[in-house]
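Below is one structure; the comments refer to it alone.
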Amino acid sequence: MSERVEPFEEETAPTGPAADAVALLQELIRAGCVNDGTPGSGQEIRAVRVLQRFLAPAIAAGRLETHVFEAAPGRASLVARVRGTDDAAPVLGLLGHLDVVPVDPNGWTRNPFGGELIDGEVWGRGAVDMLYLTAVFATVVRELALAPERPRGGLVLLAVADEEAGGEHGIHWLVREHPEAVRVTEAISESGGMRMGRHVAIEVAEKGSAGRRLVIHGKPGHASIPYGATSAAYRVGEVLQRLGEVMPAAELGELWDAFVAARIDDPELAERLRDPVRLDAALPLLGGIAGYAHAVSRVTISPTVLRAGKTHNVIPPLGTIDLDIRTLPGTSDAEVDELLRAVLGELASGVEIRHLRGWAATSSSPDTPLYAAIERAVAAVAAAPTVPIMAAGGSDARVLRELGIPAYGYGILGPGWSYERYREGVHGNDERIDVASVELSLAALRRIVAERIGAERIAAR
Ligand SMILES: [Zn+2]
């Protein structure tokens, strides 16, 4: 926490259609559920208590069933369900996480857990990732539960712990231990809403992860007589150099075409980007979006952890290189190994490839009634078309996609929110979201809910 004394600022209460969602967002930020990856961190029970207070009127009205699940002490998730009248109708899940990543307090201009509203922006860790959406989700669930008529389909708020550390105490645990509680037929979650040209990006796919450990053998010897020795350290160096020089080839699909069409105005550049052979040379022309374009156009390989040698005076007989490899939808484990051997070339024969933990890439077709409803709502509220995109990283939505449930990364951020700005805001210093983006996301979600589950009248505030 910063020691700096903040100048007094009058915090004006938010007004307008998103007032409830903004006030809830501020409270969720103040709950400060920082997840540093250790089992005792997060303590999402604090955010769950905030949600319980927020949802209390709907619970009292008898229209909302809520359950709190605790995977470990303090690692709480809340599930709130509005039941529909028709068992055959869709059940829409709104999957939002409650935890946030740690902050570097010295990098912040304001209290990262103050939830202050200043000049139309709510400041704090998690404002963008993803507490603003969790607040929007809870607001719509409360409105629906207080509406005069029951909807045809169901609506379920899944407000979960531990997304930032992989979901072992959150969505994974819930799906494993309480599958009936999280049962939905389609879902909306985070990682959408950025602007790609005049389009609003909706995430339909996430890359997978295939960790690998390269094991490299040498021969031990005394470090005082290195001549003629076979040091694993040098061979690790050779392999690293090769990994830095050889870029896996681009594999372009429909989502790549959609990205290029949405984001690249220059027709000549667009044509180069659609050609897997000429693409790589064009990457430097893409500025701030180059890293994203590189990542979603291929399998990527990043060496992360190196090991060789244990003792100062012994030539190391063994070295290892851990690789963070991110795969595309459809990439098999065997293909990853094959790609690695191709990249290593003649060095491959001296390298043993071991498998570390991983998960497959996931995707949901944009050809579903839910995606169409999102598309219509975005058009109505933001006067913009949508573009389906692949995320380079992962989110909880993957767990639902693995169950065969269509899941999309949603949101509508204001026109100034390029993909680059979003990437910088998430997990960075001075994270904050403008009220206008909250309003857009809320207004469109009301329409999506109305269309998908036949809730003609969501309670007027
Ligand atoms: Zn997130």
Between Gly120, Gly115, Gly107, Gly124, which is over 30 Å from Arg183 (Cβ atoms), surrounded by 24 or more Cβ atoms within 10 Å (Cβ to Cβ) and more than 16 Å from the ligand (Cβ to nearest atom)? Gly115
Look at Thr311 and say whether it is under 20 Å from Met247 (Cα atoms), in the same structural domain as Arg242 (by TED's automatic domain parsing) and open to solvent by 20 Å² or more (accessible area, probe 1.4 Å). no
For the stretch 158-178, what are the residues that are away from the ligand (no atom under 16 Å from the Cβ), in contact (Cβ under 8 Å) with a residue 40 or more places away in the chain and not in a loop (DSSP other than H, G, I, E, B)? Trp173, Leu174, Val175, Glu177
Within the stretch 108-115, is even one residue touching a residue at least 24 places away in the same chain (Cβ under 8 Å) and not in a loop (DSSP other than H, G, I, E, B)? no
Among the residues of the stretch 392-407, which ones are hydrophobic (A, V, I, L, M, F, W, C) and either over 20 Å from Met196 (Cα atoms) or open to solvent by less than 20 Å² (accessible area, probe 1.4 Å) (or both)? Ala397, Val399, Leu400, Leu403, Ile405, Ala407
With in the same structural domain as Leu24 (by TED's automatic domain parsing) and within 15 Å of the ligand (Cβ to nearest atom) as the only criterion, which of Ala147, Ala135, Ala181 stands out? Ala135
Report, by residue number, each residue of the stretch 402-437 that is more than 16 Å from the ligand (Cβ to nearest atom), under 25 Å from Ile171 (Cα atoms) and in contact (Cβ under 8 Å) with a residue 40 or more places away in the chain. Glu402, Leu403, Ile405, Pro406, Ile412
Residue under question is Ile289, and the condition is that it be open to solvent by less than 20 Å² (accessible area, probe 1.4 Å) and either without any contact (Cβ under 8 Å) to a residue 24 or more places away in the chain or not assigned by TED's automatic domain parsing to the domain that holds Ala397 (or both); does it hold? yes
Answer residue from the stretch 341-390, given it is in a strand (DSSP E or B) and modelled with pLDDT under 95 and is surrounded by the fewest Cβ atoms within 10 Å (Cβ to Cβ) among those: Arg357
Could you pull out the residue among Pro267, Pro226 that is open to solvent by 70 Å² or more (accessible area, probe 1.4 Å), more than 19 Å from Val305 (Cα to Cα) and at pLDDT below 95? Pro226
So which residues in the stretch 192-208 are within 16 Å of the ligand (Cβ to nearest atom) and either basic (Lys, Arg) or at pLDDT below 95 (or both)? Lys207
Hey, Thr85 without any contact (Cβ under 8 Å) to a residue 40 or more places away in the chain and either closer than 29 Å to Tyr371 by Cβ or in a strand (DSSP E or B) (or both) or not: no
If I go through the stretch 69-125 residue by residue, how many of them are out of contact with any helix residue (DSSP H, G or I) (no Cβ under 9 Å at 6 or more places or on another chain) and polar (S, T, N, Q)? 3
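The values are calculated or read from the model by the stated rules, or taken from the named source; none is laboratory data. Keep in mind that what you see is a predicted model, and the values were worked out from it rather than measured. We place every Cβ from the backbone using ideal geometry, glycine too, and count neighbours over all the protein chains shown. We work out accessible area using only protein heavy atoms, side chains counted, and drop any ligands, DNA or RNA first. Shrake-Rupley method; radii C 1.70, N 1.55, O 1.52, S 1.80 Å.
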